[in-house]
Amino acid sequence: MPKTMFDKIWEAHEVKENLLYIDLHLVHEVTSPQAFEGLRMSGRKLRRPDKTVATADHNVPTDGTPTAALIKDALSRKQVETLEKNAADFGVPVYSLGSETQGIVHVIGPELGLTQPGMTIVCGDSHTSTHGAFGALAFGIGTSEVEHVMATQTLNQPHPKTMRINYTGRLGEGVTSKDLILATIGKLGTSGMTGYVVEYAGEAIEALTMEQRMTVCNMTIEGGGKAGMIAPDEITFEYMRGKAGVPEDFEAAVERWKQLPTDEGASFDTEVEIDASAISPMVTWGTTPGMVTQVTATVPDPEKMDSPADKEAAERALQYMGLEAGTPMEEIRPERVFIGSCTNSRISDLREAAGAIKGRKVADSVRAMVVPGSALVKTQAEEEGLDKIFEEAGFEWRGAGCSMCLGMNPDTLFEGERCASTSNRNFEGRQGKGGRTHLVSPTMATAAAIEGHFVDIRNWS
Amino acid sequence: MEAINVIEGEVSVLDRSDVDTDQIIPKQFLKRVERTGYGEFLFYDWIRDGEVELEPHPILVSGRNFGSGSSREHAVWALHQFGFQTVIAPSFSDIFYSNSTKNGFLPVVLPEETCREIATAGQARVDLENQTVSWDGGEASFEIDAEIKRRLLGGLDDIALTLQSEDAIEAFEAGPGGTYGPVTTSL
């Protein structure tokens, strides 16, 4: 019987019915301390330190603070130091602040070659779906499950449903994978993928680079999906070749990985078709990633919404965002720009953003910052001179971490500030209490920084 | 985990959809390394700004896609420690739902219309064993995975249960399944 890629990975990892073996457990400082403490209280060991890796990302300052001990915020310092101690006590490799391989957990997994096709990968972080871009089954879990994986290297999982989204046609010039996933969430809604593992397929997906595919899978959770997946292919294998953690006999592994893609005729619980060629650069206008529209459109009118719940939610969102229905999106003026996060902080994101600058300067009305996803991305960007391009244009060039995506560190918006952000969530207060977030692609963020308002990147010279 | 079965009493209502975990427990409270003490920070910004008022009744009713966004289990801890024992909503995010069931905190999925009726009634009785919610003027059945239900009713410890399958895990690791993936300790 023909099988989906999901079926193949699930079946290969079932220890017994609905008990899945986990090949890689990624750990960070925020959702792990209570799990480590749980192990201690019950006298349990961490079963497989060799399948576990930890990094400090959510809480770390991006101002060049060299070690955990020097973090100014006492609570953040304690949390990062706790991670270091827990990792040492339980034998887990840790890339903490100051390590040359420290970074956002979903950036370092792929760049170290730890993320591989066919694997099961979990992390106490909802954006774990990112790793599905390699044809892995990867999903976010809570702290109780983190402890469960630490103790047993397995997880109890009810069998999810499967969805395939087929994209016909190709993305137009200037339209990115960020726009593709924002448009998809706009169409399906913030719970349109709830209960599903989603496979992204079709010509438009096959044409994407690995880093662009990671952006798509990353935001699966914003549509409610449990995991996003893309079939591994030559682009995947090329990206992985030579990375530190990949199998020694790489070619033999490639032959195995080639068996993973969904078989012809395999069936999904739901199939969706989206015309990729019709997608435009997107900007969110509200307080969920599903509240999104084309940059050429206007802020929608709540009165024209389908249901009373949608109308109410839109009215509240517009009030929070300080926007009026009917305003052209291009007239919205962000005062802050954030290029970073596990969605868009990889080297190609920074190359694209820097490439769009072309000698221009950040508008006087805007404060803009670039936060590389990892220390390795930062080093690579500096070798290529991208840091100079950003700094000469007036962007701040920072250290690696989650930073203003969630503002746990000092990088936050002030009350009422409006931000064009390459991150993944525009929730109320996400980037700082009272802050107003508009999600966009890296090039759209760059253009907004320079012009002081959103522009259609396709017509921007 | 404490065993649960019948939850009965007054209903608090949060009439919003897409209540995300960033609202339930804002980021500044995630820096703590403990499992307790989150109740007082529940809906920190909304409550302090006077946007919502919530009494710590046993039952909370809210809108669709409750608990969306971040995987932070702190959201469940905060709701539970504030005093709620169950949330009834038309849908939940997968991770929030799962986190709830690991903490003896019951997520109940019912259609939007039914949620509104329960909210209006102001009092309800949730019966996990029989998978029903009843209120003055109505009753509804809800679905829940049989294994999750068994664990909630028994207050069973997930890890201890899984470790009963230690032999199966060892057998899996000794087979081809044990060879997947990198060795993180040798990087």
If we scan segment B:133-148, do we find a residue that is of a type in the set (S, T, N, Q), touching a Ser or Thr at 6+ places or on another chain (Cβ under 7 Å) and within 30 Å of residue B:4 (Cα to Cα)? yes
Sort through A:386, A:439 and tell me the only one that's buried (at least 23 other Cβ atoms within 10 Å of the Cβ), in contact with a Leu (Cβ under 7 Å, 6 or more places away or on another chain) and within 20 Å of residue A:185 (Cα to Cα). A:439
Across segment B:17-53, which residue is farthest from the other protein chains (Cβ to nearest Cβ) among those that are in contact with a helix residue (DSSP H, G or I) (Cβ under 7 Å, 6 or more places away or on another chain), farther than 21 Å from residue A:29 by Cα and aliphatic (A, V, I, L, M)? B:42
Does residue B:119 satisfy the condition of being in contact with a strand residue (DSSP E or B) (Cβ under 8 Å, 6 or more places away or on another chain), of a type in the set (A, V, I, L, M), touching a residue at least 40 places away in the same chain (Cβ under 8 Å) and in a helix (DSSP H, G or I)? yes
Give me the helices (runs of 4 or more DSSP H) completely within segment A:374-458, filtered to those with at least 3 residues that are under 20 Å from the mean Cα position of the chain (by Cα), ordered by residue number. A:375-383, A:442-451
Within segment A:10-37, restricting to residues that are touching a residue at least 24 places away in the same chain (Cβ under 8 Å), over 22 Å from the mean Cα position of the chain (by Cα) and over 14 Å from residue A:83 (Cα atoms), the one that is surrounded by the most Cβ atoms within 10 Å (Cβ to Cβ) is A:21
Exactly one of A:101, A:82, A:120, A:67 is surrounded by 24 or more Cβ atoms within 10 Å (Cβ to Cβ) and modelled with pLDDT of 95 or more, and that one is A:120
If we scan segment B:74-87, do we find a residue that is at the interface with chain A (Cβ under 10 Å from one of its Cβ atoms), in contact with a Leu (Cβ under 6 Å, 6 or more places away or on another chain) and crowded, with 17+ Cβ neighbours inside 10 Å? yes
If you go through segment A:195-251, how many residues are assigned to a helix (DSSP H, G or I) and of a type outside the set (A, V, I, L, M, F, W, C)? 15
Between a first residue in segment A:236-262 that is within 14 Å of another protein chain (Cβ to nearest Cβ) and among the charged types (D, E, K, R) and a second residue that is part of a loop (DSSP other than H, G, I, E, B) and surrounded by 12 or more Cβ atoms within 10 Å (Cβ to Cβ), which pairs have beta carbons less than 8 Å apart while being 6 or more apart in sequence or on different chains? A:243/A:112; A:243/A:113; A:256/A:118
For strands (runs of 3 or more DSSP E) lying entirely in segment A:1-91, having 1 or more residues that are within 30 Å of residue A:161 (Cβ to Cβ), polar (S, T, N, Q) and within 12 Å of chain B (Cβ to nearest Cβ) picks out A:52-55
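The values are calculated or read from the model by the stated rules, or taken from the named source; none is laboratory data. Keep in mind that this is a model prediction, so the values were computed, not measured. Because the Cβ atoms are built from the backbone with ideal geometry, glycine has one as well, and the counts that use them run over all protein chains shown.
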